[in-house]
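Before any comments, here is the structure.
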Amino acid sequence: MTKLNIATLVGLSTLLALSSCHRRGGTLQRDEYGRIIVDTVPSGAYLSPEESMERIYLQPGYRLELVASEPMIHEPVAIAWDGNGRMFVAEMNTYMQDVNGTGEMTPVCSIKRLEDTDGDGRMDKSVVFIDSLVLPRMILTLDDRLLVAETFDNSIYSYRDSDGDGVADEKEVVFQNDRPNTNNLEHQRSGLVWNLDNRIYVTVENVRYRYADGKLVAEQLEESPGGQWGLANDDYGRLYFSAAGAEIPALGFQQNPYYGRLDFNDQYDDEFKAVWPVISTPDVQGGLNRLRPDSTLNHFTACTGQSVFRGTSLPEDMKGDLFICEPVGRLIRRAKVTNTGGKITLTNVYDHEEFIASSDMNFRPVNTQTGPDGNMYIVDMYRGIIQESEWTKDGSFLRPKILDRGLDKNIGRGRIYRLVYEGMERDMTQPKMLDESPAQLVHHLGHANGWWRENAQKLLVLRGDTSVAPALRDMAVSSPEPLARIHALWTLEGLGVLDGATLLTALKDSDAQVRRTAVWIGDGSEWESDGGLFEALAALEEDPDPEVRFQLALNMRFDGSERAKALIDHLVQRYPDDMLAASQEKYASLLVERAQAEKEAALLAIADRKLVARGATIFKEFCSSCHGFDGKGMSIGGSGSAAPSLASNPDVNGDPDKLVKILLHGLTGPINGKTYTNMMPPLGANDDAYIAAVISYIRNDLGNKASVVRERRVKRIREQTADRTKPWTKEELDN
């Protein structure tokens, strides 16, 4: 289809041509050129699951099946299956139950365990596995245990049903962090993804975890990985983050975050960030500048809940595609992932259209996952309000839009759908991994569906039974399937029984991804004591595959030895156009900036250093999602950033009272003549020390140099502006 401006669609109703994109009866109206005609007056009324499905439009051949809905589930946000195929559903039952967000922190939320006992594909048994939670946001199944993290709590807990009644009766702390999390709930960590490398990843925080002896052991990352809601991984352990605050649909996928951040402005273009709803979008936080003339959302704003499809029951060309939910636009993007010499780029599979889009205003897709049956599952929070209360206060753009449409009335519901394709049957095999022997689990490492491979590896590592080591070694070197060889290698690593002979064989594998895996596993801490391993790794400096060479350079990054440095220098000089050169240049810049920051910090008094250090942590985990880690604004894809630059900013170095007012109550409107897509949310729910720390950091880093801000100043201004109920404007602050 020739690309045409969708803004011309309004007023073309006389040129209708109906085209069915939904095999359950739903149709989209199109003009004579095949362009979708937008519904500009959608209703905010509640629809039953069956009625709503008629309004969800898919590309030809695809359809949805209802798996679960209210009253079985309410406000679902995340799902996970255990090794026996039982589905756990995290419910945020207190999220935005009215336009003010009343009672959000009440501990009445649940995690349910659902089962399909008759095999018809629809859940028919539901048990409240855990209750009395505060907005559960992360779940990860282990063996018969479930890891859970709640909002406003930095610790992570393990729950177990010891008596088989379906209700958790054992609770243990697996990671303890008593520091309270006072960030807005939209800006807290998510994920808890057990990745190929046997590490568990989250967004926002600069840590990853390894599960050992019943506890999560934190490993520090070089930088915060960024991201907000949602974290995806592919068959080869690549991770995909997104940042709704900065309106960046995908980031952090060029290299593993353990080695630092790496993004390119051309990893997708501005066209990729444009979205194509089928109805008008009145309830968008950014206001009218986020809308096209036809009243549809023009750009990702709530990009979230992404996943890479890794199943077997949908068309083969879907495998490896990235799916990104956009709940404000009521749509799901299908992105084609292209790997060119190790550099990943993303494009929309469809021309000025989306893979899934709905005309039901309450359709709120927030998560997607590949299931045990090889299909893709969609979590629809199905509700009227999707933005948190910081963006719906009196005087906000959103509040009247919500109230006028009655969107605040639709609460307490939710749906889970299965995506299917006409003519393809889902895999009806019922997983029984929790009851299988280690030898049986090894067999699943060669399964075509990534869900089976991933869970078999996880269970083998958790059980710690090394009797399967010979079978794993045989699979690692002789399986005809590269992915089986890759999983066998990582399982051996997770069990602590990967021998040198197997690793050396894998380094010479005919498949580049297997060689890359072997390099990745070749941990730098062993190089000084094992010259043979180092030499085997170094021999890959001329490997024909750039991803293998890239991983080799990353492995050498933290070694510190002269031979490792020499190898990196050789790789950069030999392959100046490779990803490894760009990554190393970025890392070198990071080291320079870090050294400068440490030099500046050394000039501060001890108390001020602590204040600035705390502010740095807050900024990098929260503020950087919009302002960027360097303070210059977060921007990927060719358009401007969602927030102004703070680097070398006269306003940052100027009157600190203005900054205190902004952090307490927020900032909206143009800044120095430029309009940004996001308002600065108020952070006044945090204490005075939090506000003082953030301001002190940005005034003493990012190219700025000014006095720190004390708690007493924040306290004074908080008292002076206690009656303030709406964000400031730059004009107000300057007058």
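For the stretch 410-510, the list of trypsin sites (Lys or Arg not before Pro) that fall in a loop by DSSP and count at most 15 other C-beta atoms within 10 angstrom reads LYS432, LYS508. For the pair ALA501 and THR466, the difference between a 0.36 nm per residue extended length and the Cα-Cα distance amounts to 10.9 nm. Averaging Cα coordinates gives a centre for the stretch 318-347 and one for the stretch 529-563; these two points are 31 Å apart.
Could you order the peptides 112-122, 280-290 from most to least packed, using the average number of other C-beta atoms within 10 Å per residue?
Averaged packing, sorted descending, gives the order 280-290, 112-122.
Distance between the C-alpha centers of the stretch 68-82 and the stretch 413-428? Whole Å please. With the stretch 68-82 and the stretch 413-428 each reduced to a Cα centre, they are spaced 15 Å.
Placing +1 on each Lys and Arg Cβ and -1 on each Asp and Glu Cβ, with no other charges, gives the chain a dipole about its Cα centre of roughly 1820 debye.
Positive end of the dipole of the chain (Cβ unit charges, origin at the Cα centre): among ILE618, LEU554, PRO315, the Cα lying farthest that way belongs to ILE618. For the stretch 440-587, the Kirkwood estimate of hydrodynamic radius, built from reciprocal distances between every pair of different alpha carbons, is 15.9 Å.
One equal scatterer on each Cα of the chain, no solvent, Debye formula: the resulting log10 I(q)/I(0) at q = 0.06, 0.07 Å⁻¹ is -0.36, -0.49.
Full extension of the chain segment joining ASP655 with PHE152 gains 177.9 nm, where the gain is 0.36 nm per residue of separation less the Cα-Cα distance. Only helices enter this figure: runs of n ≥ 4 DSSP H residues, each worth -39500 (n - 2.57), summed and divided by the residues of the chain, yield -7500 deg cm²/dmol at 222 nm to the nearest 500. Here each label is just a point 7 Å from Cα along the line to Cβ, and for GLU593 and ASP545 those points are 3.2 nm apart.
Taking the centroid of alpha carbons for each part, the stretch 449-510 and the stretch 292-312 are 36 Å apart. Between GLN176 and MET105, the simple spin-label model (points 7 angstrom out along Cα→Cβ) gives 2.3 nm.
Taken together, the values in this text are just the output of simple stated rules run on the coordinates, not laboratory data. A quick note: this is a predicted structure, and the numbers were derived from the prediction, not measured. Ideal geometry is used to build each Cβ from the backbone, glycine not excepted, and the neighbour counts take in all protein chains shown.
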